[in-house]
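Below: one structure, written as C-alpha cells.
Each value in this text was obtained by applying a stated rule to the coordinates, not by laboratory testing. Owing to the predicted nature of the structure, the values given are computational and were not obtained by experimental measurement. Cβ placement follows ideal geometry from the backbone for every residue including glycine, while neighbour counts extend to all protein chains displayed.
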Amino acid sequence: MVTNTTIAPLFAARLIDALRSLFSQVQLVELPDGELHKNMTTLNRIFDALLAVGIAIGRRSFSPLGGWGRRPDMTGFAAACYLRGVPYVQVPTTLLSQVDSSVGGKTAINHPLGKNMIGVFNQPIRVIADLNALDPAARTAN
C-alpha cells in the first residue's frame, strides 16, 4: 500500500487490519505529501519497497499495488512500470482524487520542467471511492 504522511495517520491502521484478513503480506509505503514530492526520487521509494519484500515473483502471482490518499496517480504510474505492469487498486480520499481515479487512468510524476510530464494511461483494476472518507468526522486519527 502506498500513501502519504497526511493520510496515513487517518486511515492506515483500519485499512491494514482489513487487508491482513485477505493477504498474507501487507506492506505500507508512506511517502511525503505534496506536489513537490511527485517525482522520480519518490517513485524510486515505491520500487525499493516492492523489491525489498520480494515482489518480483512473476506475473502469475497476484501482487496488487494499492494507492490511496491525495496522489493516487503516482501509484498508478509505479504499477505501470514495475515488472512492465502489475495490477493496482486506487483508494482516493478526496473528492478531486475520487473523480480523477474514476476517469481515464491518468498516471504521472512531475519533472523539474513541468507538472505531470512523465506518465502513462493505466487503468486500475478497481477504484474504491468511499464517500465516508469525505466526511470530516472520518478524518480523525486512529
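Points to keep in mind about this one:
- Using a Förster distance of 25 Å, the FRET efficiency for T94-V120 (Cβ separation, nearest 0.05): 0.65
- Net charge of Cβ neighbours under 11 Å - reference V26; Lys, Arg +1; Asp, Glu -1: 0
- If R0 equals 35 Å, the separation of the Cβ atoms of D130 and L36 corresponds to a calculated FRET efficiency of about 0.85.
- Karplus-based coupling profile of segment 113-126, in residue order and whole Hz: 9, x, 7, 6, 7, 10, x, 9, 8, 8, 6, x, 6, 7, with θ = phi - 60° in 6.51 cos²θ - 1.76 cosθ + 1.60 and x standing for Gly or Pro.
- Between L22 and T6, the modelled label-to-label distance comes to 2.5 nm, taking each label 7 Å out from Cα in the direction of the beta carbon.
- Size of segment 72-142 as Cα extents on the principal axes (Å, biggest first): 37, 28, 24
- Among the trypsin sites (Lys or Arg not before Pro) found in segment 78-142, not one is both in a DSSP coil and sparsely packed, with 10 or fewer other Cβ atoms within 10 Å of its Cβ.
- Each peptide in 21-33, 91-103, 38-50 receives the mean, over its residues, of other Cβ atoms within 10 Å, and ordering these scores from highest gives 91-103, 38-50, 21-33.
- T5 long-range amide H proximity, modeled H, under 5 Å: L31, D33
- Here the Karplus curve 6.51 cos²θ - 1.76 cosθ + 1.60, taken at θ = phi - 60°, turns the phi angles of segment 28-33 into couplings of 9, 10, 9, 9, x, 8 Hz, with x standing for Gly and Pro.
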